[in-house]
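Read-outs throughout are calculated quantities, based only on the coordinates presented, and are distinct from any laboratory measurement. Quick caveat: nothing in here was measured; it's all calculated off a predicted structure. Neighbour counts run over all protein chains shown; Cβ positions are idealised from the backbone, glycine included.
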């Protein structure tokens, strides 16, 4: 049973003529960490945005955990999809502390539960002692960890990551890659990872695909 | 999504509620947001304050009031209202506005109006108010004895308080009074490039022209207007006082202006303006013919007044010798009460022949006057 | 395929935000439509009179006024912007922001102040006479077309100055340095490089100037210029002919729309944008000796003429009349009214601006752009036209709602909405929502979409995201926009004069009324109050600008 299923996904920018992709088909199993490789402009970020609900496809279907999330008649808005996302530049809320950032998606839990979960996440990404700092006071690596913690806190069904390492230097990258894989496996999260860097993908993912391969040969 | 809709509905309701409260506020009273009643039957509490800024206490209850809707804005009026209050204990609430605004409002309020008196300048406006059916006769022997018939509406719907004349101010250096005679004469060749007068948009000029139409007919007045325009020293600009200043400055030799402004110049806080006063002479035109044009300020008793007695008392006060003397002294208008004392300046002008009173004509011919002036190019 | 996209997009976004945005746009459009509809009624005979004798004058005088003022503001504004952007000279950093001060003085206040100062009994001629010089008074005749152009140029140049200066400082560096290296004299650099280069900035500034001039009533009326706005007033109040006034408004609006469309068409052929991404800051060159002092003198002269002189004169007059005017409760009431109306309108404007700006950035569809443009069209429409339209709409509404009023016991056919404070505030909203909207839009642009998107993914809907994420982050822009909008409303004259409820005066209308009643000295106190409020906005501008640059 496929945990994530994408079928015949088409997308065109409102002002453009050529499709970003045409009848893209793709699926994932639960607990898998899959990497998608592609050049910049090949539509990898757009794919993530479509899955997250930030864009609407012109055609096609997406199912997550056997729930139809978008098709010709359906569109579930992003706040109800149960998907988590780490943006390329992290997008941490500058006016909130680390703790409050992480806590952000936990509004459905009780106060006690929230506190517990935040503590759990901080331990998971090893950010102890930094709870009351503001994002601009943290290093790049620390910010990335907050972003991951924030996305994981609400226990999403699917985690999307958009070029999470592009803002880090080589040395940091190597160590973080290992940590991230460990965290994801430990939490059992299904993760879709997008990058232009083959090494990143190889180090973390269970399998890697080129985005071109997802589109039928006679189109795209 | 559900929570969003709920919030949406709530916010929308609040907005609508706020708007309706605003509308209610506005309809009830435009002045202070004190009373937020929904209909025009707001107690005079919200209806306005007297010019001295007393608290806007309500009329509900035993306090005696009279509500004045006034289109006159002179400081001396406020002083008199205060005096009236002190003497009689009746509180005077004043609402200011432009004349047609006030008439419109009184009409609209109909039976529930707060207004007791409608006070304004210009006979045309007073007769229009009567025509619109918002006034009622004033019955007071006292008033009738003090105010001559020609200064009252034929049916006593309004009582005149003061008059002003539209005189010719001339340069004492360059013009001898013998050269002046009539308004009509000002359109003749000899005054080419020497005549100063304000814009045709002002009511004072419109009423002057209207009065001339009543006497001489449309055709003659059209020619006269063209003559005046041809004689203008410059395109109309500024108010009456500016015309006097232009005479002294040498831009023109004669100016058509209202008599009371001359008085104000004589007593201005600005010493330069007092100097201007000293250099102009005052001439009352048409003494040998139809008389100088005068206009009148008056008070009308509102048809659905709720404080009729108090209103009549106020008119009696304003037409009494003391008030008339004060009004004349402060504002340099001519009192209607012949027993009042004139200020020195007005005494020095002596008696003069005024146009025969035809206040209705001022209103009737106003639009025609404007059209004639437009056609003549009187800016 | 795009049709389906739109329908889907709408379905997805059709919520409270979108609905309210469409309602807001409708509120702005309806009064304007109401004016056009009235053209189909039978004109009355007064209209024929107006058409034959007055119309041409109105068109000509409006056009001349705009043309001459436009030219004047370009020359003055561009030269000052250039001076301040390209050179260093004594007191330059002071002048840089101080040259905005004339914006704090509404042109109509400057108009009657100058007229009085230059009059026969005014300070200028009086002083000359005391020195034994008897000047020809015709030289001081300011109440004319040249006088009006002088006033408008002196008090509206900051629009051109502000936009051009920002442009030059940020983006002209390489062009100017090249020209300098090639040995061009400063004057030739200005005329052959700077002016043509700044065309889009100049155009934007002059457009704002033109809208102000067309909307003005105070200056034109006081100086006897027959513009369209003055004509609408005269016809409405002077001739009691609201129908003809509405017709005038329709013609006026057609003219303006035609010009706007023409300008858009012309602009489409040149791909200019006043704010293309390309950043090329200009380094100021140090002026020495005589030229340095001349530059300072030029700036100083402008400031003295435009700000110091009239304000000082007003202060003197205020001193003479402070007892009669300030001390009375009337003044307090004026201030309260002014603040009350402006605050309510500003609140409504900011709420609507935020709603529409948010909707527009979410929808990502042309509909969004249409909504935004509709909303901001009010700024280009003169206040008198908006007044006529709103009154027509409200009167119609009142008639339609008459049965409801009767049921509520409000009388036979009362006019509840028309002539109420709500009507005035509606008109303010239509006229000034552009100010608030532009500020909010800029704020949103600065934060981009990523925070909103993060919040949505983390499970918060549009409304909660707004309160928890967007509002805190755009707070600065919202506050700035609030202050700017508030000040604009306080300064406003024509619309307020036409639509104010009974017995409701603002500082602006009272000041003008005193001046029109030939009681200039009494006008000083409320005038200074308005100017003081205006100065607050200059300070806000200054602060916002500093924060942008740092």
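What's the extension gain from residue C:265 to residue C:42 if we count 0.36 nm per residue and subtract their Cα-Cα distance?
The span from residue C:265 to residue C:42 would gain 76.9 nm if fully extended.
Kindly state, to the nearest 0.05, the FRET efficiency for residue B:368 paired with residue B:182, given R0 = 25 Å and r defined as their beta-carbon distance.
Approximately 0.75, to the nearest 0.05.
How many Å³ per residue does the convex hull of the Cα positions in chain A occupy?
For chain A, the hull spanned by Cα atoms encloses 132 Å³ per residue.
Sorted by packing (mean other beta-carbon atoms within 10 Å per residue), highest first, where do B:72-79, B:120-127, C:346-353 land?
The densest-packed peptide leads the list: B:120-127, C:346-353, B:72-79.
When you look at the Cβ of every residue in B:268-276, what mean number of other chain Cβ atoms sits within 10 Å?
4
Could I have the simple spin-label model distance between residue C:138 and residue C:184, label points 7 Å from Cα toward Cβ, reported in nm to one decimal?
About 4.3 nm separates the two model spin labels.
Along Cα→Cβ, 7 Å out, is where each label goes; now give me the distance between the ones at residue C:339 and residue A:65 in nm to one decimal.
For residue C:339 paired with residue A:65, the spin-label model returns 5.5 nm.
Where the eigenvalues come from the Cα gyration tensor of chain C, what are the semi-axes √(5λ) of the equivalent ellipsoid, largest first, in whole Å?
37, 34, 23
Only Cα pairs under 8 Å and at least 6 apart count here; give the relative contact order of region C:53-306 as a rounded whole percent.
35
Quote the FRET efficiency, to the nearest 0.05, computed for residue A:111 versus residue A:212 with a Förster distance R0 of 45 Å and r equal to the Cβ-Cβ distance.
Here the calculated transfer efficiency is 0.40.
Calculate, for residue A:136 and residue C:67, the FRET efficiency according to 1/(1 + (r/R0)^6) with r their C-beta to C-beta distance and R0 51 Å; round to the nearest 0.05.
The value I calculate is 0.50.
Region B:273-326 to region C:364-403: how many Å between their Cα centroids?
45
Within a 10 angstrom radius of each residue's Cβ in C:446-457, how many Cβ atoms of other chains show up on average? Whole number is fine.
6
Cα centroid distance between region C:285-335 and region B:189-235, in Å?
Cα centres, region C:285-335 to region B:189-235: 40 Å.
How many Å³ per residue does the convex hull of the Cα positions in region C:53-306 occupy?
Hull volume normalised by residue count: 156 Å³.
With an 8 Å Cα cut-off and a minimum separation of 6 or more residues, compute the relative contact order for chain C in percent.
Computed value for chain C: 22 percent relative contact order.
Sort B:145, B:259 by Cβ crowding within 10 Å, fewest neighbours at the top.
Starting with the residue having the fewest Cβ neighbours, the order is B:145, B:259.
Please list B:221-232, B:278-289 highest first by mean number of surrounding beta-carbon atoms within 10 Å per residue.
B:221-232, B:278-289
Using Cβ contacts closer than 10 Å as the measure, can you line up A:10, A:191, C:299 from fewest to most?
Taking fewest neighbouring Cβ atoms as first place, the list is A:10, C:299, A:191.
At 4 °C and a viscosity of 1.567 mPa s, what translational diffusion coefficient does Stokes-Einstein give for the protein assembly as shown, taking Rh as the Kirkwood radius over Cα pairs? Give it in µm²/s as a whole number.
38
In peptide C:364-373, what is the residue-averaged number of other protein chain Cβ atoms found within 10 Å of each Cβ?
For this peptide, the per-residue mean of nearby foreign Cβ atoms is 1.
Equivalent ellipsoid semi-axes for region C:326-505, as square roots of 5 times the alpha carbon gyration tensor eigenvalues: give them largest first, rounded to whole Å.
The answer is 34, 21, 16 Å, longest axis first.
Which three numbers, in whole Å and largest first, are the semi-axes of the equivalent ellipsoid of region A:111-150 derived from its Cα gyration tensor as √(5λ)?
Over the Cα atoms of region A:111-150, the semi-axes work out to 18, 10, 8 Å.
If I take every Cα pair under 8 Å that is 6 or more residues apart in chain A, average their sequence separation and divide by the length, what percent do I get for the relative contact order?
29
Mind sorting A:73, C:234 by how few other Cβ atoms lie within 10 Å of their own Cβ, fewest first?
Starting with the residue having the fewest Cβ neighbours, the order is A:73, C:234.
Under a crude label model (7 Å from the Cα following the beta-carbon direction), how far is residue C:93 from residue A:95 in nanometres?
3.1
What's the center-to-center distance, using Cα atoms, between region B:93-170 and region C:168-240 in Å?
49
When the helices in the protein assembly as shown are scored as -39500 (n - 2.57) per DSSP H run of 4 or longer and the sum is shared across all residues, what 222 nm value do you end up with, to the nearest 500 deg cm²/dmol?
-18000 deg cm²/dmol
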